[in-house]
Amino acid sequence: MEDSEVIMYRDGTLIFRGKDAIRLRRAAELRSLLLLFKRGLRSQRMSGTQALAIAARITGKKYKRGQYDLARTDLHHWITTMAAALPIEIKD
């Protein structure tokens, strides 16, 4: 079994080690991307519908087109829960 953890250095560097830690980071990035889609920015690599589909895989809930706020709220709860479960190590 692989252990996941977040390592924080005092200079601000963050390291996400392990499968769950990487999923946590990706979910946080997706939450930010959904805010950009809500504000009208677009991406050449991913549509808003694709971003909502990824959010649905993480949260287990389905989202209709344009439900960015709902997806962001659900991701926030998932991120908060996952962050509380992962060990965080602080190093110099």
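If you go through the range 9-26, how many residues are assigned to a strand (DSSP E or B) and surrounded by 14 or more Cβ atoms within 10 Å (Cβ to Cβ)?
First, the residues of the range 9-26 that are assigned to a strand (DSSP E or B): 9, 14-17.
Then drop every residue that is not surrounded by 14 or more Cβ atoms within 10 Å (Cβ to Cβ), which leaves 16-17.
Of the residues in that region, 2 qualify.
Given the condition of a type outside the set (Ser, Thr, Tyr), under 28 Å from Glu2 (Cβ atoms) and in contact (Cβ under 8 Å) with a residue 24 or more places away in the chain, answer yes or no: does some residue in the range 35-52 qualify?
no
Against the definition (more than 26 Å from Arg17 (Cβ to Cβ) and either part of a helix (DSSP H, G or I) or in contact with a Lys or Arg (Cβ under 6 Å, 6 or more places away or on another chain) (or both)), how does Gln50 come out, yes or no?
Working: more than 26 Å from Arg17 (Cβ to Cβ): yes; either part of a helix (DSSP H, G or I) or in contact with a Lys or Arg (Cβ under 6 Å, 6 or more places away or on another chain) (or both): yes.
Criteria met by Gln50.
Looking at Ala56, Ala84, which one is surrounded by 11 or more Cβ atoms within 10 Å (Cβ to Cβ), among the hydrophobic types (A, V, I, L, M, F, W, C) and free of Cβ contacts under 8 Å to residues at least 60 places away in the same chain? Outline the logic, then answer.
Values: Ala84 fails: surrounded by 11 or more Cβ atoms within 10 Å (Cβ to Cβ).
Being surrounded by 11 or more Cβ atoms within 10 Å (Cβ to Cβ), among the hydrophobic types (A, V, I, L, M, F, W, C) and free of Cβ contacts under 8 Å to residues at least 60 places away in the same chain holds for just one of Ala56, Ala84, which is Ala56.
Does Glu29 count as in contact with a strand residue (DSSP E or B) (Cβ under 6 Å, 6 or more places away or on another chain), among the charged types (D, E, K, R) and either in a helix (DSSP H, G or I) or at pLDDT below 95 (or both)?
Working: in contact with a strand residue (DSSP E or B) (Cβ under 6 Å, 6 or more places away or on another chain): no; among the charged types (D, E, K, R): yes; either in a helix (DSSP H, G or I) or at pLDDT below 95 (or both): yes.
Spelling it out, it is not the case that Glu29 is in contact with a strand residue (DSSP E or B) (Cβ under 6 Å, 6 or more places away or on another chain), among the charged types (D, E, K, R) and either in a helix (DSSP H, G or I) or at pLDDT below 95 (or both).
Take the residues in the range 60-81 that are among the hydroxyl-bearing types (Ser, Thr, Tyr) and buried (at least 19 other Cβ atoms within 10 Å of the Cβ), then tell me which one is farthest from Leu33 (Cα to Cα). Break it down stepwise before answering.
Of all residues in the range 60-81, those among the hydroxyl-bearing types (Ser, Thr, Tyr) come to 63, 68, 73, 80-81.
Among the residues that remain, those that are also buried (at least 19 other Cβ atoms within 10 Å of the Cβ) are: 63, 68.
Numbers: Tyr63: 15, Tyr68: 10 Å.
Among them, the one singled out is Tyr63.
May I ask you to list pairs of residues, at least six apart or on different chains, whose Cβ atoms are under 8 Å apart, with the first in the range 17-28 being more than 15 Å from Glu89 (Cβ to Cβ) and the second being exposed (fewer than 15 other Cβ atoms within 10 Å of the Cβ)?
Taking only residues 6 or more apart or on different chains, the pairs are Lys19/Glu2.
What residue, of Arg45, Arg57, is among the basic types (Lys, Arg) and closer than 24 Å to Ala84 by Cα? Before the answer, list the steps.
On the way: Arg45 fails: closer than 24 Å to Ala84 by Cα.
Being among the basic types (Lys, Arg) and closer than 24 Å to Ala84 by Cα holds for just one of Arg45, Arg57, which is Arg57.
The values are calculated or read from the model by the stated rules, or taken from the named source; none is laboratory data. What you see is a predicted model; the values in this text were computed from it and never measured. FYI the Cβ positions are ideal-geometry reconstructions off the backbone, even for glycines, and counts take in every protein chain you see.
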